[in-house]
1. Taking the criterion of being within 30 Å of Lys386 (Cβ to Cβ), among the charged types (D, E, K, R) and touching a strand residue (DSSP E or B) at 6+ places or on another chain (Cβ under 8 Å), would at least one residue in segment 203-211 satisfy it?
2. Report, ordered by the first and then the second residue, all pairs with beta carbons closer than 6 Å, sequence separation of six or more or different chains, a first member in segment 83-99 that is part of a loop (DSSP other than H, G, I, E, B), and a second member that is β-branched (Val, Ile, Thr).
3. In segment 369-380, which residue that is more than 18 Å from Glu307 (Cβ to Cβ) and surrounded by 15 or more Cβ atoms within 10 Å (Cβ to Cβ) is nearest to the chain's Cα centre (by Cα)?
4. Which count do you get for residues in segment 148-161 that are part of a loop (DSSP other than H, G, I, E, B) and either over 13 Å from Arg252 (Cα atoms) or touching a Gly at 6+ places or on another chain (Cβ under 7 Å) (or both)?
5. May I ask you to list the residues in segment 271-303 that are exposed (fewer than 14 other Cβ atoms within 10 Å of the Cβ) and touching a strand residue (DSSP E or B) at 6+ places or on another chain (Cβ under 7 Å)?
6. If you check Glu253 against the conditions, is it surrounded by fewer than 18 Cβ atoms within 10 Å (Cβ to Cβ) and either assigned to a helix (DSSP H, G or I) or in contact with a helix residue (DSSP H, G or I) (Cβ under 6 Å, 6 or more places away or on another chain) (or both)?
7. Report the residue count in segment 348-380 for those that are in a loop (DSSP other than H, G, I, E, B) and farther than 26 Å from Val121 by Cβ.
8. Here is a list: Glu277, Glu307, Glu334. Which entry is at negative phi, in a strand (DSSP E or B) and among the charged types (D, E, K, R)?
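Just so it is clear, none of the values below were taken in a lab; they were calculated from the coordinates. Model, not experiment: these values are computed from the prediction. Please note: Cβ atoms are built from the backbone with ideal geometry, for glycine as well, and neighbour counts cover all protein chains shown.
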Amino acid sequence: MFFPPKCSDPPPATARAQARRPVGRREFLAQCGRCALLCAGFKALDWATPPSVRPDGPGRGYIGRKLSPYFSPLGGGRIRCELCPRFCEVDDGERGYCRVRQNREGHYYSLVYGNPCAVRVDPVEKKPFFHVLPGSLSFSIATAGCNLNCKFCQNWEISQAKPDDTYNYQAPPETVAENAARNECASIASTYVEPTIFIEYMIDIGKAAKPKRILNVMHSNGYINPAPLDDLCRFLDAACIDLKGFTDEYYREMTEGTLEPVLSTLKRLKQLGVHTEIVNLVVPGKNDRMSGIREMCRWIGKELGPETPLHFSRFHPLYRLQSLQPTPVATLEEAWKAAREEGLHHVYVGNVPGHPGESTICPKCGTVLVDRIGYTVRNVRLKDGKCSQCSRPLPGIWKRPEADA
């Protein structure tokens with residue numbers, strides 16, 4: 001049985017004040033999830049190499065630093081970060097928006113290389129990847145920090161924190177790959193926060209994972225510049241991208257970001273042949289108009305292709321949107337129907353355990369090819385990535401990579 005280790009230190013006083021309430025849906029679901037893992041017989045997280053910076057557990061504060069290639073000097077000790085579309089201009093001693101990159105005497109460093117604050121073994125379906133090795137385990141990691149500030153973030157305690165303020169493991173890329181193999185994980189997922197903020201770490205994890213036939217995957221907001229994305233994709237097998245809405249106004253209001261860079265990332269992932277799935281969190285009264293959802297689906301079909309898996313995920317009140325109600329299931333079902341009518345072949349309903357929209361269905365003959373309830377896969381009827389009944393191929397990664405010769 002795996003109980004996740006504590007992944008962040010107590011939040012600041014304002015957050016602690018918000019947390020003084022009876023156990024809510026999030027805590028309840030987390031407890032239910034741990035019980036479900038126990039019933040499913042998931043093995044405990046087992047470290048081959050001690051991951052902590054002290055004998056009794058993870059250590060507070062960032063552990064090391066790594067020089068980033070993604071910056072340009074501006075003179076006078078000032079630099080411009082070129083990792084994401086914010087292009088932060090940072091004075092000596094200061095950090096960028098993401099909180100995890102610091103200018104030290106005119107050189108820009110990552111402060112989270114090799115020191116995740118969250119380390120867990122998850123079902124790959126939790127990412128969510130529905131077209132990547134169904135039923136397999138994913139060794140999941142995150143550091144502190146993020147380059148967006150989504151009002152609905154479910155991991156805001158670490159995404160909006162500095163690495164100085166979280167309890168971090170010492171886990172270099174080789175250790176991550178070794179322990180992914182030890183825990184019988186078919187993939188390593190950079191997830192929970194925006195993983196491109198620790199891109200140097202993610203790239204080196206991909207290098208370490210390849211000889212072990214372990215996939216390198218990420219769940220990302222897609223807010224990254226083209227050049228670093230190209231570097232990452234050389235060592236990336238699959239990406240699950242949050243397409244949070246389909247207007248710039250929504251992105252600015254809800255995330256403090258913009259839409260166009262995310263669309264560019266999606267198109268580039270397709271060009272580079274990286275398997276990509278999309279998640280759209282449907283927030284009541286914010287991005288749930290069917291006209292906007294249809295426009296988004298038409299864009300996906302035209303620019304990425306109708307085979308692109310799309311997940312409509314149910315919103316639950318969190319972080320700065322606790323006054324809203326959860327997304328009605330009927331709204332998700334209407335979005336699912338709209339996406340199918342716009343020509344998308346692989347559409348899912350997420351965060352509604354037991355809903356038939358969780359399963360993968362052959363678009364040609366209607367056979368249920370991957371039968372799911374929540375994160376549990378009950379049956380897989382695929383043969384060599386094709387429908388076992390009509391032989392229609394499905395997009396995705398259906399077997400582990402071959403070992404290098």
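1. First, pick out the residues of segment 203-211 that are within 30 Å of Lys386 (Cβ to Cβ): 206, 209-211.
This time we only want the ones that are among the charged types (D, E, K, R), so: 210.
Retained after the next criterion (residues that are touching a strand residue (DSSP E or B) at 6+ places or on another chain (Cβ under 8 Å)): 210.
Yes, segment 203-211 has at least one match.
2. That search, which allows pairs on different chains as well, returns Cys84/Ile224; Gly96/Val90; Cys98/Ile197.
3. Checking each candidate, the answer is Tyr375.
4. Our first condition is that a residue be part of a loop (DSSP other than H, G, I, E, B); within segment 148-161, this holds for 148-155, 160-161.
Then keep just the ones that are either over 13 Å from Arg252 (Cα atoms) or touching a Gly at 6+ places or on another chain (Cβ under 7 Å) (or both); that gives 148, 152-155, 160-161.
Qualifying residue count for the region: 7.
5. None - no residue of segment 271-303 is exposed (fewer than 14 other Cβ atoms within 10 Å of the Cβ) and touching a strand residue (DSSP E or B) at 6+ places or on another chain (Cβ under 7 Å), so the list stays empty.
6. Working: surrounded by fewer than 18 Cβ atoms within 10 Å (Cβ to Cβ): yes; either assigned to a helix (DSSP H, G or I) or in contact with a helix residue (DSSP H, G or I) (Cβ under 6 Å, 6 or more places away or on another chain) (or both): yes.
It is true that Glu253 is surrounded by fewer than 18 Cβ atoms within 10 Å (Cβ to Cβ) and either assigned to a helix (DSSP H, G or I) or in contact with a helix residue (DSSP H, G or I) (Cβ under 6 Å, 6 or more places away or on another chain) (or both).
7. Restricting attention to segment 348-380, the residues satisfying the condition of being in a loop (DSSP other than H, G, I, E, B) are 351-355, 359, 362-367, 374-375.
Okay, now just the ones that are also farther than 26 Å from Val121 by Cβ, so 362-367.
So the answer is 6.
8. On the way: Glu307 fails: in a strand (DSSP E or B); Glu334 fails: in a strand (DSSP E or B).
Testing whether each residue is at negative phi, in a strand (DSSP E or B) and among the charged types (D, E, K, R) leaves just Glu277.
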